[in-house]
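The values are calculated or read from the model by the stated rules, or taken from the named source; none is laboratory data. From a predicted model like this one, the values you see are computed outputs, not experimental measurements. Here the Cβ is made from the backbone with ideal geometry for all residues, glycine too, and neighbour counts use every protein chain on show.
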Amino acid sequence: MNTLRYSLSAPGSEPLLEDLKAYWMALGVTDLSLALALSEQTLRRLPDRPDDEESSARAIIAAGELLDDRLAAALDLPRPSPALRAARAALLSSAVPEWPSILFAPPSAAKPALERLRVAIAEPTPAPNPAPMPTQRIELFSLWFPLRWMQRLLGVSTAR
């Protein structure tokens, strides 16, 4: 049972709402009413909803933030953090297939699945170690290179 409720969306946001529903379903939300509720909750996170080409991209970013907020709260992780990114990767890699129903359920119902998720979280190895990268020359690919190589291999001269 999910704890989210949905309401009628604002007029004019139907295409964006459909995009968000499709996004949540692609992430693994199979319950249509939960996908709709998450989509509407995502739309409420957007400060304004101009109808332009970037509105879907902003909505997808807001959906990711909603997922991260719920995941950080469920696992008691700082936001943002490498641990949260690792938890999101574990969640979306099917470590816990029923994640939509447990992540948006009351905390007591989610405990066993959250423990499975904690076990699936990989620690970054090796630890990040920022260092300067030595400058290297970049050689662009040329179609003439294979031809010249073949000419040399066959002993064909290009001099005229």
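Any residue in region 47-64 that is modelled with pLDDT of 80 or more, basic (Lys, Arg), part of a loop (DSSP other than H, G, I, E, B) and surrounded by fewer than 19 Cβ atoms within 10 Å (Cβ to Cβ)? No, every residue in region 47-64 fails to be modelled with pLDDT of 80 or more, basic (Lys, Arg), part of a loop (DSSP other than H, G, I, E, B) and surrounded by fewer than 19 Cβ atoms within 10 Å (Cβ to Cβ). Within region 28-49, residues that are closer than 15 Å to Arg70 by Cβ sit with their Cβ atoms under 9 Å from residues that are β-branched (Val, Ile, Thr) and in a helix (DSSP H, G or I), at 6+ positions apart or across chains, in these pairs: Thr42/Ile60.
Here is a yes/no grid of residues against (1) closer than 21 Å to Ala22 by Cβ; (2) at pLDDT 80 or above; (3) of a type in the set (S, T, N, Q):
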{"site": "Ala74", "(1), (2), (3)": "no, yes, no"}
{"site": "Leu77", "(1), (2), (3)": "no, yes, no"}
{"site": "Arg88", "(1), (2), (3)": "yes, yes, no"}
{"site": "Ser94", "(1), (2), (3)": "yes, yes, yes"}
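Could you say which residue among Leu147, Leu153 is in a helix (DSSP H, G or I), hydrophobic (A, V, I, L, M, F, W, C), more than 27 Å from the chain's Cα centre (by Cα) and exposed (fewer than 10 other Cβ atoms within 10 Å of the Cβ)? Leu153 is the lone residue from the list that is in a helix (DSSP H, G or I), hydrophobic (A, V, I, L, M, F, W, C), more than 27 Å from the chain's Cα centre (by Cα) and exposed (fewer than 10 other Cβ atoms within 10 Å of the Cβ). Inspection of region 119-129 finds no residue satisfying the criterion of being in contact with a Lys or Arg (Cβ under 9 Å, 6 or more places away or on another chain), surrounded by 11 or more Cβ atoms within 10 Å (Cβ to Cβ) and closer than 23 Å to Leu34 by Cβ. Pro132 fulfils the conditions (1) in a loop (DSSP other than H, G, I, E, B); (2) surrounded by 14 or more Cβ atoms within 10 Å (Cβ to Cβ); (3) without any contact (Cβ under 8 Å) to a residue 40 or more places away in the chain except for a single criterion, (2). Among the residues making up region 66-110, those that are free of Cβ contacts under 8 Å to residues at least 12 places away in the same chain, under 18 Å from Ala122 (Cβ atoms) and part of a loop (DSSP other than H, G, I, E, B) are Leu77, Pro78, Ser81.
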